[in-house]
Number of protein chains: 2
Amino acid sequence: MTSKKKILLNAFNMNCVGHINHGLWTHPRDRSTEYADLDYWTSLAKTLERGLFDGIFLADIVGVYDIYQGNVDLVLKESIQLPVNDPLMLISAMASVTKNLGFGVTVNLSAEAPYIFARRMSTLDHLTKGRMGWNIVTGYLDSASRALGLSGQDEHDKRYDRADDYLDLCYKLWEGSWEDGAVIKDMAARLYADPAKVHAVHHRGPFYTSDGYHLAEPSKQRTPVLYQAGSSGRGREFAARHAECVFITGSDKATARATSRALRQAAVDVGRRPEDIKIFIGITVIPGKTRAEAEDKFEEYKRDASPEAGLAHFAAGMGIDFSKYDLDEPITYGTSNSIQSITQLAKQKGWTKRQLLGEVEIGGRYPRAVGDANHIADELASWIEEGEIDGFNLTRTVTPESYEDFIDIVIPELQDRGIYKTSYDDGGLRNKLFSEGDRLPARHHGASFRIGAADVPAASEKRITRA
Amino acid sequence: MTSKKKILLNAFNMNCVGHINHGLWTHPRDRSTEYADLDYWTSLAKTLERGLFDGIFLADIVGVYDIYQGNVDLVLKESIQLPVNDPLMLISAMASVTKNLGFGVTVNLSAEAPYIFARRMSTLDHLTKGRMGWNIVTGYLDSASRALGLSGQDEHDKRYDRADDYLDLCYKLWEGSWEDGAVIKDMAARLYADPAKVHAVHHRGPFYTSDGYHLAEPSKQRTPVLYQAGSSGRGREFAARHAECVFITGSDKATARATSRALRQAAVDVGRRPEDIKIFIGITVIPGKTRAEAEDKFEEYKRDASPEAGLAHFAAGMGIDFSKYDLDEPITYGTSNSIQSITQLAKQKGWTKRQLLGEVEIGGRYPRAVGDANHIADELASWIEEGEIDGFNLTRTVTPESYEDFIDIVIPELQDRGIYKTSYDDGGLRNKLFSEGDRLPARHHGASFRIGAADVPAASEKRITRA
């Protein structure tokens, strides 16, 4: 008997109060206002590992959502991803109380020098024993560029050109600077590392220049598992080259399927395999022991949710100030440099503010599943099959209640159906996801920067020289 | 009866194998090669808290020591601060197993965008409940500039001009963006933060520009405790304005006293108090239950120490390749843009390579105290009194043995003499050190950036505008 394909599962979260389903911080059982306490995160990590989650996926944003009403008033009142703390600072504490949970963390590369960032990720991959993932984002908020003191953000496609260059430098550091076997740790011979196997990287890219040794010795995975979320044509090209996990927006299964097929084909076009990319959609699940219990819970949550906050969040993504529209006025204006113009979408869907507020009745715009274990399992299985995806980023509603409910109600049903693991696999995060070992496979672009590739200097070239 | 002045104590450490006393990684009881394991650090943090250490001071270096022999061969063989992992990634795990230990962490500001770095430190100050300190360094290695892709590093004094600008922007974010009372967390009123009390920062400095809200809500200390180590004229001016703890190099007590007096006078000159700066020297202590036991241990450690590695480390700081000198040749060459020219020091001390190798017989150049509890206590008390300093950064030799020995042998004697605390004080790190509350005192330069200062926009100015 062949085993069935297992659903991959991340807890979708962020180091802040309001993440996706806004307003629920006001629910009496919600603990998200405790986000600045370490106990909140170590407790959550243990809960997720109890539920055999593959990982916790931590979103991040640099900048603020100042489109809706042209200010941050509602953003502050409802804590819509502001305040927001640094997600990477949470990892070592969560790692210290877990053994298998993965950590996929969003870092905006425009805010970090690659030489420094590469060491930071290596450090975390060491401390987690190979459980790190990086969600690569290039940033889309003008407010971020202003805060960083940049003269303005790059045009959309150029941001991906910059990201390509950034990644290549990171690969050189992660894959090409220290050979396998460079670290000896021979006390008697007084030989910690073999100088013949440690190489200076020399990078002259269109955006980045660097000459130096990677500061960290090789970690279990070397390159962290690479996540990405762009869905534009250039974004897909980037994903095809670099991404191992892609987070797509899928409002319905047919759209997800089309996106999934396009992504896998793009990967195949650059020499990878269709299954080299694991595809996730975000989803909000409200499970109950019975259908009635689930529907009552949904009604209860909606009383504390803030649809207006959900709209303000969406406004920032779209670059449209929805506050200027009457409830039933068609939304026809729209410019966005990161997401397909809303004008076209609005034409297709006949969007009005009233309709959008209805979509975000739980405070967020993700697909929802509300019901008993059987219904939820049917719905998830159907997303996997019809949407041709691999897994889910599970949003939180009332937290940590929503994760606990999912673990206690839904996961046993998924396990009974044979579509969810009953124990963790061995190895680091990459091996758990792909069962091909902890390192990037040889067919991945990043593997071309290993020793022997043209860009990496010979072992004898030990001295860094100025260009 | 007035209580005696208490000695302040940091464990001096680094996220790497060889830190100060090089070569001891080869000692059979040394655990420093486990630096990439979280357990090593959480165990150490608990040990230090058992010993009532004020903090762990984590050094860092961006770049490599490539002066000695013109390469990094010995650096790799003896792991002389290479490999070196990111120290900030250790904090949340250590914080999760301690309640009082402070964390002073070195971050080179030339490698970090201030807007991002300010959030990172706020995040850690939240997660540690106010136990963070930042050791401000501007970097001195050419290898770091090359690795970061900079066209070359700033001339020495300009580096401090840049640091002044960087700090001012950080103060605006930490002290001036969110007023006290801005965070309401009123669920019934749906008011997480009061928009009238959250302000965009507008910074137009000679080096940095930023327009934006601080992404983090105020942490316990807001500004972390500020550490600094520069000893040049311009460095002292910088310390007088910003530093709360200064780490000085003191080869003898008279030199320490002169430096201490000059620093405190410089602080007074800018409106602060002499006691507003706590002054630390680095010291290596090898204690035994008896004098003979201590001396035997010293001899034992020396057998595994590497004086040549100590010399290679010193070479990088001085910018002099000592490998080119004969053992008894006077060292007369020297240029260093960060440390007083060695030529003058060599003339005073008659330095030769043989003499330097003798100084680093334990692998490092710090002052040493070897003996029983009584002798060590005498020596430390005399540094405090004659050197007019406040405390010590205690280097490790064989680790964690050297910290455990200090705790078990020396600290009871210091406590018996009334010159070491018998319990932690309340509050965050700043309050523990200064007993004046968790925030910067009003007379500190950083306090001038609080709401009401000219640079901070009025509460009504909510919209970020481009300059």
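Observations on the model:
- Only aspartates and glutamates eight or more places from A:LYS289 in sequence, or on another chain, were considered; those with a Cα closer than 17 Å are A:GLU299, A:GLU300, A:ASP372, A:ASP378, A:GLU379, A:GLU401, A:GLU404, A:ASP405, A:ASP408, A:GLU413, A:ASP416.
- Ordered by solvent-accessible area of protein heavy atoms (1.4 Å probe), largest first, the residues B:ARG257, B:ARG159, A:ARG264 come out as B:ARG257, A:ARG264, B:ARG159.
- Each eigenvalue of the Cα gyration tensor of the protein assembly as shown, multiplied by 5 and square-rooted, gives one semi-axis; in descending order these are 48, 31, 27 Å.
- Taking all protein chains together and rolling a 1.4 Å probe, B:ASP269 ends up with roughly 110 Å² accessible.
- With a Förster radius of 60 Å applied to the C-beta separation of A:LYS4 and B:LYS4, the computed FRET efficiency comes to 0.25.
- Of all DSSP beta bridges in the protein assembly as shown, antiparallel share, percent nearest 5: 20 percent
- Dividing the Cα radius of gyration of chain A by its Kirkwood radius returns 0.97 for Rg/Rh.
- Restricting the calculation to Cα atoms, segment A:36-191 yields a radius of gyration followed by a Dmax of 18.8, 68 Å.
- For chain B, the relative contact order comes to 23 percent (Cα pairs under 8 Å, sequence separation of at least 6).
- For chain B, the share of DSSP beta bridges that are antiparallel, to the nearest 5, is 20%.
- Of the residues making up segment B:114-130, those losing 20 Å² or more of accessible area when the isolated chain is joined by the remaining protein chains, with a 1.4 Å probe, are B:TYR115, B:ILE116, B:ARG119, B:ARG120, B:THR123, B:HIS126, B:LEU127, B:LYS129.
- Square roots of five times the Cα gyration tensor eigenvalues for segment A:136-204, Å: 39, 13, 9
- Which of A:ASP186, A:ASP304 is most accessible, then next, and so on - probe 1.4 Å: A:ASP186, A:ASP304
- Expressed as a whole percent, the accessible surface of the protein assembly as shown that belongs to carbon and sulfur atoms is 48, based on a 1.4 Å probe.
- Under the Debye formula (equal points on every Cα, no solvent term), log10 I(q)/I(0) of segment A:238-279 at q = 0.23 Å⁻¹: -0.68
- Hydrodynamic radius of segment B:47-111 per Kirkwood, over alpha carbon pairs, in Å: 13.9 Å
- Heavy atoms of B:VAL268: accessible area, 1.4 Å probe, square angstrom to 10: 60 Å²
- Angle in degrees between helix A:373-387 and the longest Cα principal axis of chain A, rounded to the nearest 10: 60 degrees
- Accessible surface buried by the B/A pair amounts to about 7100 Å², both sides summed, 1.4 Å probe.
- Counting only protein heavy atoms and a 1.4 Å probe, the protein assembly as shown has 35 square angstrom of accessible area per residue.
- Under-5 Å amide H pairs with B:LYS278, H placed in peptide plane, nonlocal only: B:CYS245, B:VAL246
- Each distinct pair of alpha carbons in segment B:162-236 adds a 1/r term; the inverse of their mean, the Kirkwood radius, is 14.2 Å.
- Using only alpha carbons, segment A:1-105 has a radius of gyration to Kirkwood radius ratio (Rg to Rh) of 1.05.
- Length gained on full extension, A:ARG273 to A:GLU361, computed as 0.36 nm times the residue gap minus the Cα-Cα distance: 27.7 nm.
- Amide hydrogen neighbours beyond the local backbone of A:VAL105, cut-off 5 Å, H modeled: A:LEU58, A:GLY133, A:TRP134, A:ASN135
- Residue order for B:LYS324, B:LYS6 - accessible surface, 1.4 angstrom probe, largest first: B:LYS324, B:LYS6
The values are calculated or read from the model by the stated rules, or taken from the named source; none is laboratory data. Since this is a predicted model, take the numbers as computed values, not measurements. Cβ: placed from backbone, ideal geometry, glycine included. Neighbour counts: every protein chain shown. All accessible areas refer to the heavy atoms of the entire protein, side chains included, with ligands and DNA or RNA removed. Shrake-Rupley method; radii C 1.70, N 1.55, O 1.52, S 1.80 Å.
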